[in-house]
1. Can you spot a residue in segment 22-34 that is in a strand (DSSP E or B) and modelled with pLDDT of 95 or more?
2. I'd like the full set of residues that are in a helix (DSSP H, G or I) and among the polar types (S, T, N, Q), limited to segment 48-70.
3. Is there a residue being of a type in the set (Lys, Arg), under 19 Å from Val113 (Cα atoms) and in contact with a helix residue (DSSP H, G or I) (Cβ under 8 Å, 6 or more places away or on another chain) anywhere in segment 71-85?
4. Within segment 100-125, restricting attention to residues that are acidic (Asp, Glu) and either under 19 Å from Ile44 (Cα atoms) or in contact with a Lys or Arg (Cβ under 6 Å, 6 or more places away or on another chain) (or both), which residue is modelled with the lowest pLDDT?
5. Touching a Lys or Arg at 6+ places or on another chain (Cβ under 6 Å) and under 19 Å from Ile26 (Cα atoms), is that true of Glu49?
6. Tell me which residues, restricted to segment 95-117, are part of a strand (DSSP E or B) and aliphatic (A, V, I, L, M).
7. Considering only segment 29-48, I want to know if a residue exists there that is farther than 30 Å from Tyr105 by Cα and buried (at least 16 other Cβ atoms within 10 Å of the Cβ).
8. Of the residues Asn15, Asn92, which is exposed (fewer than 13 other Cβ atoms within 10 Å of the Cβ) and assigned to a helix (DSSP H, G or I)?
Amino acid sequence: MRHQLEHRKFNRTTNQRKALLAGLAINLVEKERIITTLPKAKEIRPFLEKLITKGRNANPVKAFQTIYGVLNNKDATLKIISVLTPRTANRNGGYLRIIKAGFRYGDAAPLAVIEFVDRNLSEQA
């Protein structure tokens, strides 16, 4: 039984799951809006929101080291610290939004759009 267990396993090993979440987080930070399956979107939201909150740390070097240690991507880490953290400075959490987007054609998996609440629409095409 799975009582008191919080996270989804996605039928992957621990290292595969960490790589999956890091890859989704990097894509979401770069594009600020992605389409994925609903369970993956529900799992990536708290993962990335914790990283953004850590980016608000008073010491930017420590914040960079912490986020880079999880994502292992310099561009995404710098964007979190320099762009996303100041944009969400007046918000106490809830940086991401999940919108259900129907079902995938091939396997009928539930799809979702996950995006930043305060994303800049003028930069996006």
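The values are calculated or read from the model by the stated rules, or taken from the named source; none is laboratory data. Since the structure is predicted, the reported quantities are computational estimates derived from the model, not experimental observations. Virtual Cβ from ideal backbone geometry, glycine too; neighbours counted across all protein chains shown. For accessibility, only protein heavy atoms count, side chains too; no ligands or nucleic acids. Shrake-Rupley method; radii C 1.70, N 1.55, O 1.52, S 1.80 Å.
1. Checking segment 22-34: at least one residue is in a strand (DSSP E or B) and modelled with pLDDT of 95 or more.
2. The answer is Thr53, Gln65, Thr66.
3. no
4. Asp118
5. The answer is no for Glu49.
6. Across segment 95-117, the qualifying residues are Leu96, Ile98, Ile99, Ala101, Leu111, Ala112, Val113, Ile114.
7. no
8. It is Asn15.
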